[in-house]
Each structure stands twice: as C-alpha cells, then as structure tokens.
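Chemist: Below you will find the structure I want to go over with you.
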Amino acid sequence: METPGHGDWKRREGLGSALAQVGVVAVLLAAAVAWFVHRGQVRQEVDAHLRTARSAFLRGNPSDLAMAQQNLEALFALAPDSRDARALAAELQAELWLTHHQPGADAKAREQLERAEALGSRSGERYGARALLLLGAGQTAEAQKLLEELKAQGANSPKLTLAQARLLQKQGHLSEARQAFARAAEGAWKDPRFSTAYGEALLDEGLFPQAVEAFSRATTANPDHLLSKVTSALAQLYAGRPPDGAQATLDEVRSRAKDLTPALQARLEVAQAEVALAKGAPDQALTHVDAALKAWPEEHYALFTRGRALAVKRAPEARQAFEAAAAKRPTAPLLTLEGARLLQAQGDGEGALAMLDAYEKTFREVKARTADGKEVPALDRDDRYWLARGGVMEAAGRQDDALAAYDKALSARGVGLARAQYAKGSLLLARKDFEGAKSLLTAVAPDTGAGSMPEAYAALGELLFAQGEFAAGCQQHYFSLVRARAQGTPVEQLATRANDIKKRLETSGQPAMAKAWLNEAGPLFQQQ
C-alpha cells in the first residue's frame, strides 16, 4: 500500500543527509586547513627563532648569548622537541660555562645535550658540545675516543677541529695544537670565538705578535667582541708595549658593566694590573690581581701577573705565584719559562730551576712528529725551554751546563735559532773564546747592519773592543743603538749606553775615537 508523500520524504531525507555530510566535510576541511596553516606559521616562527639565535650566538658577547638564549626559550615554547635547537642550546650553555664561567651553565649544557641526543640530533653543535664538555670535565681520554670515532665516520667541522686543538693543547702537542687552532679559526672566520681561542693558545706560548694578530681577526669578524679586545690588550702589555693604548681599550670594556661575566671581569683586572706594572706600581697591580681572582679564582693569567708583580718587589712569594699559575695550565710555556726567568733575575735560582724541572716532567713523554713522519721527543725540538734553562744555568755560574743547554737549543733549529746563536756566542765571549763567539754572533749581527738583535751587535762590539779593533767595534755598537731605537728603546737609555761606550774608549786610550763616537751616535738619542 502506497503511503501518500512517501517518495517526497525519501527525497527530503536524502537531500538533508547529503547537505549535512557536506557541512561536516566542509568543517573538517576548514579545520584541516586551519591546522596546516597554523602548523606552517609555527614552523616559520620556529625557524625564525633558530636563525636569530644562531646569528646572535655568532657575535659572541654575553649580551648576544643572552639574546640567543631568549630566542631558544621562545622556540621551545612552540616546539619543545626541536632537536637541533636543543643541540644549539647545549653549545650555548657550554660556551657560558667554559669561556665565561657562568655558575650552573655546565649542568644546563648537559641537560640540553642529553635531550638533543635523545631526539637524534646529528648537528655540528651536538658533537662539538659533547667534545667540549668532556674536555671541560677533564675527561681527555673520552674526548679523544669521541673525536677519533667521528673522524672515522668522516665528520669534519670547525667545531670538532677546535675541540681537537684543545685536546692537543692539554696533551702538550703544542705545534699540532697551533695548526688545529689555525684551521678552526680559518674554517669559522665569521665566528670571533674561534680566532679568540687561537689567540689565547698563542698567548699561552708567549707568541705575542701572533696572538695580537689572531685577536685582530676576531675583532674583524665582530669589532665589538669584548674578550678578544681585552685579551689583545693583555698580550700587548705582556710584550712590553706602552700602556696608554691598552688603557683606552680597558676603559671601553669597563663601561660595558652588564656584559662583564666572571671571565671578562677577571681578564679586565689582569690587564689593568699589567698597566699598573708598566707604570711602576706593583702594589696597585696586586690589588687588581686580587680583584681578578675574586671574579674567577682559576684565571691563570692573574696568578702569572701576581708573580710578575711580586718579582718586581723582589718578594719571595713570587715563586709560589708562578708555580700556582703553571699548575693551572702546565702546558703553557709562557707561565713556566717566563716565570723561571724572572725568578732567576730576582736571585731565586733554586725556584727557577724547580719550575724548569716541572716543565721537563710535563713534556717528557710527549712526542713530536718530524717532516719525514718520524717521532722524536718534543723537548728535543723545544728551543725555548733549552734557552731558558741555559739562561738559568749561566746566571748560576754553571757555564758548562749552560753551553750544553744552548747546544740543545741550536740543534732544535726552531724559531729561536737566532736567539740561541746569540746566547751561546755571548757566553763564549764571556769565556774569552773570541773565535767561537765571533762565528755565532756574526750569523745574527751581519756587518751590513741588517740584523734585528741590538744585543747581538752590542756583544760583537764588545768582542772587537777586546781584540783592540775599536773602529770596527764602534760600528757594531752604532748598529746596536740604531736597532734599539727602531724597536722603541727610550732615548734616555740610548744616551746612557752611548756614554758608557765613550768612557770605555777613553779608558782604553782612545780619546779621539771617543769624541768621534759621540759626534756620530749623538743624533740617535736626541729628543725629537
């Protein structure tokens, strides 16, 4: 039996259902579109925060690191499982711990690194942070194993090269470390941290001009990089440069109070102490050293400068300060070799020899690779050490031991070859072995005047005076004064030396030559 209107009802049921279904689909599609749009916006925000964080981190100052950290925190609020961002956060915290000595940054670095590793990050920040954290914790064997494994897998980046350089430095492989620092700095030339690390390594070795050059590369990457600027000033002060230029830099850094982390505060105070030393105020220098050590008790340059200030005062505590500095950084030649020299100069030969013995013990097992691939004891090629030891032995009156040390320095044929030739030649001159002395001194003080060592020309002049060759001796002394003036020796000192030579000539029965000498040498020490 047909029900009236039944077909219409079916048609209405089907149409309504279809419209409802279309509506549901439309809602779902709209939701999906909204979700995808939102997801895209979130991804854009995440990428923007990551780019900004990396850019800020690259500039390297504490305020830049704070900006990078803020962007990472904003990123994690949107995407807490961003593995590469976690790896960057780990590297940032490692930088705050190892370079700026911020309390608690080591724990934060490990926490972020563990999250990055759990999320499967394979970024350079992850592996670089892991290697640096191992080194910072003193786990050199673990760091070496990690770096060897990564190298076997073909991994290569400036971050890993920097970690390798720090490892080699800790192990005492200084030549290889310098090369690795240089490669890392070249590979990451836009990042001032790498050139700064290279500069600090060179400073630890007492290679002041090279260190200043490395710091200048850091400030080329970021003219406002505070750590490189203040450490460059320190290097110049250690090299004996006038303090006025350094003081201007230090005043500028000091004005950035909000950026002064413990590391920067300590480094700033050490440099200020060196300014005080340069101005003849060792007590004021010690006050600045105390401030540096209060900011960061592990600052080895502060302990070294304390030793320098105490040595100026001829205080017996100088030895303890130098030994403490060397204990903080046993593979830093500057601390030990210069410390030994200053102790010997103040009459503490025992302390100087003890420091050199400790240095020899540190490097005794270290091997260096020659150009033909052979391994030799690193000490055999360390001319700086043998020169320092020879100087200590000579000052102690142990001339035979000094000659043996100088011969070791000569056989190393390193960058200090000319210095070794002068040192042995000067000692032979003192022993009146004129022929032996002359052959060594003329190698670094040629008759053309083209040599760069004023003291070598002065020694050669004394040798010729001793042999009665006064005219030739005056020529060599003149070259000595010319070179000394070119290297910045004050004119008052030049005048004193010239007058001493005049008196020598007069007492040797050469009054006419003494008068001629002053006429010739006088213009060298006249005020301009």
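Chemist: Collect the residues in the stretch 460-503 that are on the phi > 0 side of the Ramachandran plot and under 34 Å from the mean Cα position of the chain (by Cα), keeping them in residue-number order. Talk me through it step by step, then tell me what you get.
Modeler: Initial filter on the stretch 460-503 (on the phi > 0 side of the Ramachandran plot): 468, 488.
Once the filter is applied, which keeps residues that are on the phi > 0 side of the Ramachandran plot and under 34 Å from the mean Cα position of the chain (by Cα), the stretch 460-503 yields only Gly488.
Chemist: Separate question: Looking at Gly390, Gly414, Gly425 in this structure, which one is in contact with a Phe, Trp or Tyr (Cβ under 6 Å, 6 or more places away or on another chain) and closer than 27 Å to Ala450 by Cα? Walk me through how you get there before you give the answer.
Modeler: Details: Gly414 fails: in contact with a Phe, Trp or Tyr (Cβ under 6 Å, 6 or more places away or on another chain); Gly425 fails: in contact with a Phe, Trp or Tyr (Cβ under 6 Å, 6 or more places away or on another chain).
Just a single option satisfies the conditions, and that option is Gly390.
Chemist: Being β-branched (Val, Ile, Thr), over 20 Å from Ala257 (Cα atoms) and surrounded by fewer than 24 Cβ atoms within 10 Å (Cβ to Cβ) is the filter here, so list the residues in the stretch 191-234 that pass it.
Modeler: The initial filter retains those residues of the stretch 191-234 that are β-branched (Val, Ile, Thr), namely 196, 212, 219-220, 230-231.
Next cut, over 20 Å from Ala257 (Cα atoms) only: 196, 212, 220.
Across the stretch 191-234, the qualifying residues are Val212, Thr220.
Chemist: Just for the stretch 279-299: of the residues that are within 17 Å of Arg267 (Cα to Cα) and of a type in the set (D, E, K, R), which one is least open to solvent (accessible area, probe 1.4 Å)?
Modeler: Going through the stretch 279-299, the residues within 17 Å of Arg267 (Cα to Cα) turn out to be 284-299.
Retained after the next criterion (residues that are of a type in the set (D, E, K, R)): 290, 294, 298-299.
Details: Asp290: 80, Lys294: 177, Glu298: 86, Glu299: 8 Å².
This residue is Glu299.
Chemist: Considering only the stretch 369-379, state which residues are open to solvent by less than 40 Å² (accessible area, probe 1.4 Å) and at pLDDT below 85.
Modeler: Thr370, Gly373, listed by residue number.
Chemist: Does Leu387 satisfy being assigned to a helix (DSSP H, G or I) and either under 30 Å from Thr362 (Cα atoms) or acidic (Asp, Glu) (or both)?
Modeler: Working: assigned to a helix (DSSP H, G or I): yes; either under 30 Å from Thr362 (Cα atoms) or acidic (Asp, Glu) (or both): yes.
Considered against the rule, which asks whether it is assigned to a helix (DSSP H, G or I) and either under 30 Å from Thr362 (Cα atoms) or acidic (Asp, Glu) (or both), Leu387 comes out as yes.
Chemist: Using the structure shown, decide if Ala345 is touching a Gly at 6+ places or on another chain (Cβ under 9 Å), over 30 Å from Gln179 (Cα atoms) and open to solvent by 40 Å² or more (accessible area, probe 1.4 Å). Please lay out each step first, then the result.
Modeler: Working: touching a Gly at 6+ places or on another chain (Cβ under 9 Å): no; over 30 Å from Gln179 (Cα atoms): yes; open to solvent by 40 Å² or more (accessible area, probe 1.4 Å): yes.
The answer is no for Ala345.
Chemist: Is it the case that Leu168 is without any contact (Cβ under 8 Å) to a residue 24 or more places away in the chain, of a type outside the set (Phe, Trp, Tyr) and out of contact with any strand residue (DSSP E or B) (no Cβ under 7 Å at 6 or more places or on another chain)?
Modeler: Details: without any contact (Cβ under 8 Å) to a residue 24 or more places away in the chain: yes; of a type outside the set (Phe, Trp, Tyr): yes; out of contact with any strand residue (DSSP E or B) (no Cβ under 7 Å at 6 or more places or on another chain): yes.
Against the criterion (without any contact (Cβ under 8 Å) to a residue 24 or more places away in the chain, of a type outside the set (Phe, Trp, Tyr) and out of contact with any strand residue (DSSP E or B) (no Cβ under 7 Å at 6 or more places or on another chain)), Leu168 qualifies.
Chemist: When you go through Gly154, Gly136 one by one, which is the residue that is in contact (Cβ under 8 Å) with a residue 12 or more places away in the chain and not β-branched (Val, Ile, Thr)? Outline the logic, then answer.
Modeler: On the way: Gly154 fails: in contact (Cβ under 8 Å) with a residue 12 or more places away in the chain.
One residue alone meets the criteria, Gly136.
Chemist: Cβ-Cβ below 7 Å, separation at least six or inter-chain, first residue in the stretch 46-68 and within 15 Å of Leu226 (Cβ to Cβ), second of a type in the set (Val, Ile, Thr) and surrounded by 18 or more Cβ atoms within 10 Å (Cβ to Cβ): which pairs?
Modeler: Pro62/Thr261
Chemist: Okay, next question. Yes or no: Pro446 modelled with pLDDT of 90 or more and open to solvent by 20 Å² or more (accessible area, probe 1.4 Å)?
Modeler: Working: modelled with pLDDT of 90 or more: yes; open to solvent by 20 Å² or more (accessible area, probe 1.4 Å): yes.
Here the answer is yes, as Pro446 does meet what is asked.
Results for (1) touching an Asp or Glu at 6+ places or on another chain (Cβ under 6 Å); (2) basic (Lys, Arg); (3) in contact (Cβ under 8 Å) with a residue 40 or more places away in the chain; (4) outside any helix (DSSP H, G or I), shown as yes or no for each residue.
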| position | (1), (2), (3), (4) |
| --- | --- |
| Leu403 | no, no, no, no |
| Lys408 | no, yes, no, no |
| Gly414 | yes, no, no, yes |
| Arg419 | no, yes, no, no |
| Leu429 | no, no, no, no |
| Lys432 | no, yes, no, yes |
| Pro446 | no, no, no, yes |
| Gly449 | no, no, no, yes |
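Chemist: Then there is this: Being open to solvent by 50 Å² or more (accessible area, probe 1.4 Å), of a type outside the set (Phe, Trp, Tyr), closer than 22 Å to His288 by Cα and in contact with a helix residue (DSSP H, G or I) (Cβ under 7 Å, 6 or more places away or on another chain): is that true of Ala239 here?
Modeler: On the way: open to solvent by 50 Å² or more (accessible area, probe 1.4 Å): yes; of a type outside the set (Phe, Trp, Tyr): yes; closer than 22 Å to His288 by Cα: yes; in contact with a helix residue (DSSP H, G or I) (Cβ under 7 Å, 6 or more places away or on another chain): yes.
It is true that Ala239 is open to solvent by 50 Å² or more (accessible area, probe 1.4 Å), of a type outside the set (Phe, Trp, Tyr), closer than 22 Å to His288 by Cα and in contact with a helix residue (DSSP H, G or I) (Cβ under 7 Å, 6 or more places away or on another chain).
Chemist: If you don't mind, there's one more thing I want to ask. State yes or no: is Arg110 free of Cβ contacts under 8 Å to residues at least 24 places away in the same chain, over 24 Å from the mean Cα position of the chain (by Cα) and not in a helix (DSSP H, G or I)?
Modeler: Numbers: free of Cβ contacts under 8 Å to residues at least 24 places away in the same chain: yes; over 24 Å from the mean Cα position of the chain (by Cα): yes; not in a helix (DSSP H, G or I): no.
No; evaluated as a whole, the condition is false for this residue.
Chemist: For Arg267, state whether it is touching a Ser or Thr at 6+ places or on another chain (Cβ under 7 Å) and more than 26 Å from Gly349 (Cβ to Cβ).
Modeler: Values: touching a Ser or Thr at 6+ places or on another chain (Cβ under 7 Å): yes; more than 26 Å from Gly349 (Cβ to Cβ): yes.
Judged against the criteria, Arg267 is a match.
Chemist: Regarding Thr362, is this residue touching a helix residue (DSSP H, G or I) at 6+ places or on another chain (Cβ under 9 Å), in a loop (DSSP other than H, G, I, E, B), modelled with pLDDT of 95 or more and open to solvent by 10 Å² or more (accessible area, probe 1.4 Å)? So that I can check it myself, show each step before the final result.
Modeler: Values: touching a helix residue (DSSP H, G or I) at 6+ places or on another chain (Cβ under 9 Å): yes; in a loop (DSSP other than H, G, I, E, B): no; modelled with pLDDT of 95 or more: yes; open to solvent by 10 Å² or more (accessible area, probe 1.4 Å): yes.
No: the conditions fail for Thr362.
Chemist: Could you give every pair whose Cβ atoms fall below 9 Å, whose first residue belongs to the stretch 277-299 and is part of a loop (DSSP other than H, G, I, E, B), and whose second residue is open to solvent by 80 Å² or more (accessible area, probe 1.4 Å) and of a type in the set (A, V, I, L, M, F, W, C), counting only separations of at least 6 or pairs across chains?
Modeler: Close Cβ pairs satisfying both conditions: Gly280/Val312.
Residue-wise test of (1) within 20 Å of Asn61 (Cβ to Cβ); (2) of a type outside the set (D, E, K, R).
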residue	(1), (2)
Glu213	no, no
Gln247	no, yes
Arg256	yes, no
Pro282	no, yes
Val289	no, yes
Ala292	yes, yes
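Chemist: If you don't mind, there's one more thing I want to ask. Within the stretch 300-335, how many residues are open to solvent by 70 Å² or more (accessible area, probe 1.4 Å) and touching a residue at least 24 places away in the same chain (Cβ under 8 Å)? I'd like the intermediate steps shown before the answer.
Modeler: Residues of the stretch 300-335 that are open to solvent by 70 Å² or more (accessible area, probe 1.4 Å), as a first pass: 312-314, 316-317, 320, 323, 327-329.
Next, only the ones that are touching a residue at least 24 places away in the same chain (Cβ under 8 Å) stay: 312-314, 316, 323, 328-329.
Going through the stretch 300-335 one residue at a time, the tally reaches 7.
Chemist: Out of everything in the stretch 153-167 that is among the small types (Gly, Ala, Ser) and at pLDDT 95 or above, what residue ends up being nearest to Leu132 (Cα to Cα)?
Modeler: Start the filter on the stretch 153-167 by keeping residues that are among the small types (Gly, Ala, Ser), which leaves 154-155, 157, 163, 165.
Restricting the remaining residues to those that are at pLDDT 95 or above gives 163, 165.
On the way: Ala163: 6, Ala165: 11 Å.
The qualifying residue nearest to Leu132 (Cα to Cα) is Ala163.
Chemist: Can you tell me which residues in the stretch 239-262 are touching a Phe, Trp or Tyr at 6+ places or on another chain (Cβ under 6 Å) and assigned to a helix (DSSP H, G or I)? Step through it out loud before you land on a result.
Modeler: Here is the first cut: in the stretch 239-262, the residues touching a Phe, Trp or Tyr at 6+ places or on another chain (Cβ under 6 Å) are 239, 262.
Selection gives Pro262 alone.
Chemist: Determine, yes or no, whether Arg126 is of a type in the set (D, E, K, R) and under 15 Å from the mean Cα position of the chain (by Cα). Walk me through how you get there before you give the answer.
Modeler: Values: of a type in the set (D, E, K, R): yes; under 15 Å from the mean Cα position of the chain (by Cα): no.
Against the criterion (of a type in the set (D, E, K, R) and under 15 Å from the mean Cα position of the chain (by Cα)), Arg126 does not qualify.
Chemist: Does Phe181 count as aromatic (Phe, Trp, Tyr), under 14 Å from the mean Cα position of the chain (by Cα) and within 25 Å of Ala292 (Cα to Cα)? Write out each step before concluding.
Modeler: Working: aromatic (Phe, Trp, Tyr): yes; under 14 Å from the mean Cα position of the chain (by Cα): yes; within 25 Å of Ala292 (Cα to Cα): no.
Judged against the criteria, Phe181 is not a match.
The values are calculated or read from the model by the stated rules, or taken from the named source; none is laboratory data. Fair warning: this is a prediction, and the values are worked out from it, not measured in the lab. All Cβ positions, glycine included, derive from the backbone under ideal geometry; neighbour counts span all protein chains shown. Remember, those area values only see protein heavy atoms, side chains included, never the ligands or the DNA or RNA. Shrake-Rupley method; radii C 1.70, N 1.55, O 1.52, S 1.80 Å.
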